[in-house]
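Single-structure report; data block below.
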Amino acid sequence: MARVAFIGLGNMGGGMAANLAKAGHDVRAFDLSQDALDRAKEAGCLPVASAAEAIKGAETIVTMLPAGKHVEGVYTADVFEHADPAAILIDCSTIDVATAKRVAEAAAAKGLLAVDAPVSGGIAAANAGTLTFMVGGTEAGYTRAEPFLAEMGKAVIHAGPSGAGQGAKICNNMLLGAEMIATCEAFVLAEKLGLDLQRFYDIASVSSGQSWSMTSYCPVPGVGPETPADRDYQGGFAAALMLKDLKLAMEAATHAEAATPMGKRAAELYESFVDEGHGTTDFSGIINRLRAQKVG
Ligand code: NAD
């Protein structure tokens, strides 16, 4: 079993660190929040007083932080200074592709092996150890990271070189954001046309309009499997996090000179939804905004 440093024990990192401890690893956990450290201790990790203390002597260093500036900050201030040259550095945060590449290049220049490994799946999947990891980095980096990621997830996929994990994540979530809005629109139109929504679901779910947003995450209460719609759009994937990912996708699209008109519109609609006070509402709750929107 390995000595693991885990930095960032929030909604996602808390459960992920707990799963590594459960698998028998010696997890030295650090977060700026005392509550998060207390929860990590209860979950079998050893809370420590600084990132440096967690990193020294660790074979594997995992970060699960809010955004690129936090990741670059922790890497620059602590990881590069204190990491064992043989350690594998794994950043599981969702951050911008440019920062992910810059951090990986800086690590390589110091002779350190680093991968970006963002996740698909929310807090429930982090707690249950059923996340999907998309890994960007060299074959050697992927091979070193994979056994640890496998203990926190159900699937670990090598997406390509450094930054490719973040690229895959934001392309997936841009597709999801646009698809969810399209699904909501279709149900609102069906409703206004007087269709029975369960009947429409029965038809569309076996027709060419079928999608994950419809059959696994239906935005209409009482239709399809149980989803956040059945819990008044609480829990699930917060609209603010969808907006974060759409903004990262738009930033990447600008750099790559890719046309993403549907992604752009989805970002605008989620931005309005969040600005109206729905940042913590599940992202499928945008159906209520469309339902209420005045036309013409
Ligand atoms: P969170 O805000 O709950 O947790 C982040 C943690 O990082 C906090 O506990 C904070 O105190 C800590 N932190 C910040 N700066 C730090 C520093 N310098 N040193 C140590 N700790 C520091 O966020 P989260 O929901 O756990 O998300 C983490 C990442 O995972 C984000 O990049 C997010 O986009 C991504 N993500 C989240 C979800 C989700 O459903 N919550 C799903 C997929 C991906």
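The values are calculated or read from the model by the stated rules, or taken from the named source; none is laboratory data. Computed from a predicted model, the values in this text were never measured in an experiment. When we count neighbours, we look across all protein chains shown, and the Cβ atoms used for this are built from the backbone with ideal geometry, even at glycine. Remember, those area values only see protein heavy atoms, side chains included, never the ligands or the DNA or RNA. Shrake-Rupley method; radii C 1.70, N 1.55, O 1.52, S 1.80 Å.
Of all residues in region 168-202, exactly one satisfies the criterion of being within 18 Å of PRO225 (Cβ to Cβ), without any contact (Cβ under 8 Å) to a residue 12 or more places away in the chain and surrounded by 13 or more Cβ atoms within 10 Å (Cβ to Cβ), namely ASP202. Can you pull out every residue in region 228-239 that is at pLDDT below 95 and either farther than 22 Å from ALA126 by Cβ or open to solvent by 30 Å² or more (accessible area, probe 1.4 Å) (or both)? Hits for region 228-239 are GLN234, GLY235, GLY236, PHE237. Candidates GLU53, GLU59, GLU81, GLU42: the one that is under 19 Å from TYR142 (Cα atoms) and either touching a residue at least 60 places away in the same chain (Cβ under 8 Å) or open to solvent by 70 Å² or more (accessible area, probe 1.4 Å) (or both) is GLU59.
Scanning region 11-43 for residues that are over 21 Å from LYS154 (Cβ atoms) and in a loop (DSSP other than H, G, I, E, B) yields ASP31, LEU32, SER33. Note on region 51-80: among residues that are in contact with a Ser or Thr (Cβ under 6 Å, 6 or more places away or on another chain) and in a loop (DSSP other than H, G, I, E, B), the one that is farthest from MET152 (Cα to Cα) is LEU65.
Annotation: of all residues in region 130-166 being out of contact with any strand residue (DSSP E or B) (no Cβ under 7 Å at 6 or more places or on another chain) and either over 19 Å from PHE6 (Cα atoms) or not acidic (Asp, Glu) (or both), the one that is most open to solvent (accessible area, probe 1.4 Å) is GLU139. Checked against the criterion of being over 17 Å from LEU246 (Cβ atoms), more than 16 Å from the ligand (Cβ to nearest atom) and outside any loop (DSSP other than H, G, I, E, B), region 116-135 contains not a single residue that satisfies it. None of GLY14, GLY10 is touching a Lys or Arg at 6+ places or on another chain (Cβ under 6 Å), under 20 Å from PRO118 (Cα atoms) and open to solvent by 10 Å² or more (accessible area, probe 1.4 Å) except GLY14. A search for C-beta distances below 9 Å between a residue of region 265-291 that is modelled with pLDDT under 95 and any residue that is among the aromatic types (Phe, Trp, Tyr) and not in a helix (DSSP H, G or I), counting only pairs 6+ apart in sequence or on different chains, returns nothing.
Taking every residue in region 116-138 that is in contact (Cβ under 8 Å) with a residue 40 or more places away in the chain and pairing it with any residue that is within 8 Å of the ligand (Cβ to nearest atom) and of a type in the set (Val, Ile, Thr), at least 6 positions away or on another chain, the pairs with Cβ-Cβ distances below 9 Å are ASP116/ILE95; PRO118/THR94; PRO118/ILE95; VAL119/THR94; ALA126/VAL119; LEU131/VAL119; PHE133/VAL119. Number of residues in region 140-156 that are part of a helix (DSSP H, G or I) and either over 20 Å from ASP84 (Cα atoms) or among the polar types (S, T, N, Q) (or both): the value is 2.
Do we have any residue at all in region 209-222 that's assigned to a helix (DSSP H, G or I) and hydrophobic (A, V, I, L, M, F, W, C)? Yes, the conditions are met somewhere in region 209-222. Taking the listed residues ALA51, ALA77, ALA21, the one that is of a type in the set (A, V, I, L, M), more than 24 Å from ALA240 (Cβ to Cβ) and more than 10 Å from the ligand (Cβ to nearest atom) is ALA21, with no other qualifying. Taken together, the residues in region 240-287 that are crowded, with 18+ Cβ neighbours inside 10 Å, away from the ligand (no atom under 16 Å from the Cβ) and either more than 21 Å from the chain's Cα centre (by Cα) or in a loop (DSSP other than H, G, I, E, B) (or both) amount to 2.
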